[in-house]
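Let me begin by presenting the structure, written as structure tokens, before commenting on it.
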């Protein structure tokens, strides 16, 4: 399982580094979305740092949907799917590898967007740094859950539109906890409770992925 | 006293459904080791569906069958997929990876020594494109890359979906020689094509599909 | 015996629902603080209980049993699908009765309360389950993907359960038991509440049973069409 996970992780990251979709498409989208959030709030409220955490996570969530689709689309070419299927890779390893690659990509994006929320939405830099551990865990949980939901919807009718329908409601509790922990960090409140909750969610999704990814691959 | 040879493929009234539509409507088929079978038929006859069933890529909806010793109805299809080799006509690899990277991925997944990559590429004549990304290869070159993948894998059953499409005469001759070698090694080869094979080197059994089942064979 | 109990289940459900109605609307006196509005306590919590725990629980357990090879069967897939459909109805009722209760109590039809928000999220998830089933024609693929999704959705149910403690909320806290598990309401109110929980749970299983029957009939019809489809497909080969 670990060997397969490392193999798939390296393959996914290599594809991303070669294609640069994250750099040239996803990041600009994320930054533009942050700007739109500021515009939507209006000039008097755009610099209000209390909106920062929620808007950061809202944009990150939209970015995550793009990246989940991208992560699944590299496997979706009919010929690729069939050929890779004949390699008989351990599905739990594939799940872990894809989740880890997606997590790395989300962390990279998250750091840029965090910087964006500090600059554009005037979120406190100190608070953003304090919130980093919970951001890391939230995005990891998003990556793991996203890999599962991406596999659930790939290949079906209207897969691109079905993913948000299934994933957004399921992500909402993660983002509530993420936003609360970020806000707690900004206001010097206790963040460790939220951090623990996120860790539990991350563990549960990981366990379910390891157990059930094979079932999704079979289908 | 001769020993009966166990068929590599043994299907009985195999039905494959997709959304309620029968892609295969009852196929009876037995294939032996070291045999070459060509499956022909019009578009929509079920050629690719039959190959995908044999590859364990689609489930058996009704009927029964074993492929490479794996029961299609109740067996482990993942194990079946390890035992078969698939060459599709859509292109088989990650477009953004190079030839070397794609084959290294496959070799490491199968725990094959990496030296086999170079041997396979030499055999198919792609050594000079080893660091080219797959999306820059021509259709014929992608087909050769697929063959090199199979040469590394050395499966019991080779399932080739319209492999002769977009091959020139030289490539066809090379392909025939490769298939002859594969048959000699004991593998079962199944090829789908629109028409009968026009090959002097190969003497295949030809099966014609129509309406999702076998209508004639020679 | 089985047939008798099945035949009696419908009338018994009707009796339980009738008892809830009569007791809740007429027999039990109005609340000291909320007056007649508090009679919704005999509907809203029961409907929410069915929506969030009984129906989702049924769908999740059936899905888990489908995923386990030993108990995998079409029955489990059907039960999960039907339970999730019925749960959509009950979640909608939860939100509607909650809004009706909340309007006079909070002054607005909707507040961003953790429990209400989570219930709405679960409702969308349930709709997502139905959307997922409609996105896949292949029976096995649909069943497996739906089963995995239902198990994933089940993760969110405990979050709802704990949401009252996690977030500041306008939602009523513990109503029936206090933190020492002592009963807060007494006498006829407590009995009526208990009857309402039982009645709505029975209603759920009654609806599930009839929805399941409909699903079996639909599949039988599809099976008949399969024979026609096979015959038609085979004719293509002879033309």
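The values are calculated or read from the model by the stated rules, or taken from the named source; none is laboratory data. Remember, it's a predicted structure, so these values are computed and weren't measured experimentally. When we count neighbours, we look across all protein chains shown, and the Cβ atoms used for this are built from the backbone with ideal geometry, even at glycine.
Just a few scattered comments:
- Single condition residue C:224 does not satisfy, out of (1) assigned to a helix (DSSP H, G or I); (2) modelled with pLDDT of 75 or more; (3) within 14 Å of chain B (Cβ to nearest Cβ); (4) surrounded by fewer than 20 Cβ atoms within 10 Å (Cβ to Cβ): (2)
- Within segment B:90-101, tally of residues that are under 13 Å from residue B:152 (Cβ atoms), within 9 Å of chain A (Cβ to nearest Cβ) and in a helix (DSSP H, G or I): 0
- Residue A:146 outside any helix (DSSP H, G or I) and either closer than 21 Å to residue A:212 by Cβ or modelled with pLDDT under 80 (or both): no
- Unmet criterion (only one of (1) buried (at least 22 other Cβ atoms within 10 Å of the Cβ); (2) in a strand (DSSP E or B); (3) within 18 Å of the chain's Cα centre (by Cα)) for residue B:57: (2)
- Failed item, numbered, when residue C:149 is tested on (1) at pLDDT 70 or above; (2) out of contact with any helix residue (DSSP H, G or I) (no Cβ under 6 Å at 6 or more places or on another chain): (2)
Yes/no matrix, rows are residues, columns are (1) more than 30 Å from residue A:214 (Cβ to Cβ); (2) buried (at least 19 other Cβ atoms within 10 Å of the Cβ):
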{"residue": "C:102", "(1), (2)": "yes, yes"}
{"residue": "C:108", "(1), (2)": "yes, no"}
{"residue": "C:119", "(1), (2)": "yes, yes"}
{"residue": "C:128", "(1), (2)": "no, yes"}
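- When segment C:127-145 is filtered for residues that are in contact (Cβ under 8 Å) with a residue 60 or more places away in the chain and more than 14 Å from chain B (Cβ to nearest Cβ), only C:129 remains.
- Verdict on residue B:144 being closer than 23 Å to residue B:36 by Cα, away from chain A (no Cβ under 12 Å), part of a helix (DSSP H, G or I) and in contact with a helix residue (DSSP H, G or I) (Cβ under 7 Å, 6 or more places away or on another chain): yes
- Output for segment B:63-89, where each listed residue is part of a strand (DSSP E or B) and within 9 Å of another protein chain (Cβ to nearest Cβ): B:84, B:85, B:86, B:87
- Scanning segment A:72-88 for residues that are buried (at least 24 other Cβ atoms within 10 Å of the Cβ) and in contact with a helix residue (DSSP H, G or I) (Cβ under 6 Å, 6 or more places away or on another chain) turns up just one, A:86.
- Qualifying residue in segment A:105-118 (condition: part of a helix (DSSP H, G or I), within 9 Å of another protein chain (Cβ to nearest Cβ), over 9 Å from the mean Cα position of the chain (by Cα) and modelled with pLDDT under 90): no
- Flag if residue B:150 is surrounded by 23 or more Cβ atoms within 10 Å (Cβ to Cβ), part of a helix (DSSP H, G or I) and within 12 Å of chain A (Cβ to nearest Cβ): yes
- On the stretch given as segment C:111-142, residues that are at pLDDT below 80, out of contact with any strand residue (DSSP E or B) (no Cβ under 9 Å at 6 or more places or on another chain) and not in a helix (DSSP H, G or I) total 4.
- Checked against (1) under 23 Å from the mean Cα position of the chain (by Cα); (2) in contact (Cβ under 8 Å) with a residue 24 or more places away in the chain; (3) more than 15 Å from residue C:99 (Cα to Cα), residue C:48 passes all but condition (3).
- Restricting attention to segment A:192-210, the residues that are within 12 Å of another protein chain (Cβ to nearest Cβ), farther than 22 Å from residue A:97 by Cβ and surrounded by fewer than 19 Cβ atoms within 10 Å (Cβ to Cβ) total 3.
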